[in-house]
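Structure, as structure tokens:
Nothing in this text is a laboratory measurement; each read-out follows from the coordinates by a stated rule. Since the model is a prediction, treat every value here as computed from it, not as a measurement. Note: ideal-geometry Cβ built from the backbone for every residue, glycine included; neighbour counts use all protein chains shown.
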Amino acid sequence: MQKIAVGVLELSSIAKGIESMDVMLKASKINIIISKTVCPGKYIIVISGDAGAVNEAMEKGAESAGKYALNKLVLPAVHENVLPALNGKKQNAIYGKPIGIVEFSSITSGILACDAALKSANVKILEFKIGMLIGGKSYFIISGDTSSLQEAFHAVNKKVDKRRIINSVIISSPDNDLIKHLFG
């Protein structure tokens, strides 16, 4: 299986975000995963492709964004379950199984952390939310046994700037109604 690279550019200007996306598409052969407005008045771009194309597009996009670039990230080999989760694919949780929730002040930090968590421990991504109606933050919910969740949280803490992590919680025995509400 070929490794997919992912690039993330988070901007403080919607107009510059749209312009930067155009510049990135013209710079190299990439795929748009996300290109949209997010709260509060920001723009997020997530692209994929081979590492060289993503790096080139990210360089040109960040250059175009200039002072409006808030965060940028290139993951040369993203975990295979990050992109479907970013696209809103929810997984069904298993009732009675522990869940972990990690919340971030930025979308870029959340993507970096999700990739680290999935690569480091035997956990499953249940949901990933970015930006809209949550003030530009991001969070993900993962499932696994308690020790795997702790291992994933440890990897997140090593990979992401601690100032970007708002909170992380493990619920070792979530109520069935909570699971039904979140994932039903």
Principal axis dimensions, largest first and in whole angstrom, of the range 5-75 by Cα: 31, 18, 16
Dipole magnitude (debye, nearest 20) for the chain, charges at Cβ of Lys, Arg, Asp, Glu: 180
Cα-based convex hull volume of the chain per residue, rounded to whole Å³: 105
Under the Debye formula (equal points on every Cα, no solvent term), log10 I(q)/I(0) of the range 64-159 at q = 0.19, 0.22 Å⁻¹: -0.88, -1.15
Estimated FRET transfer efficiency when R0 is 22 angstrom, pair Gln91-Asn55 (beta carbons, to 0.05): 0.10
The range 76-184: GluC sites (Glu not before Pro) falling in loop per DSSP and having at most 15 other Cβ within 10 Å: Glu80
12 Å Cα cut-off, lysine pairs counted over the range 5-75 (separation 8 or more, or different chains): 5
Percentage relative contact order, the chain, counting C-alpha pairs under 8 Å, at least six apart: 23
Inter-label distance for Lys159 and Lys26, nm, one decimal - labels placed 7 Å from Cα along Cα-to-Cβ: 3.4
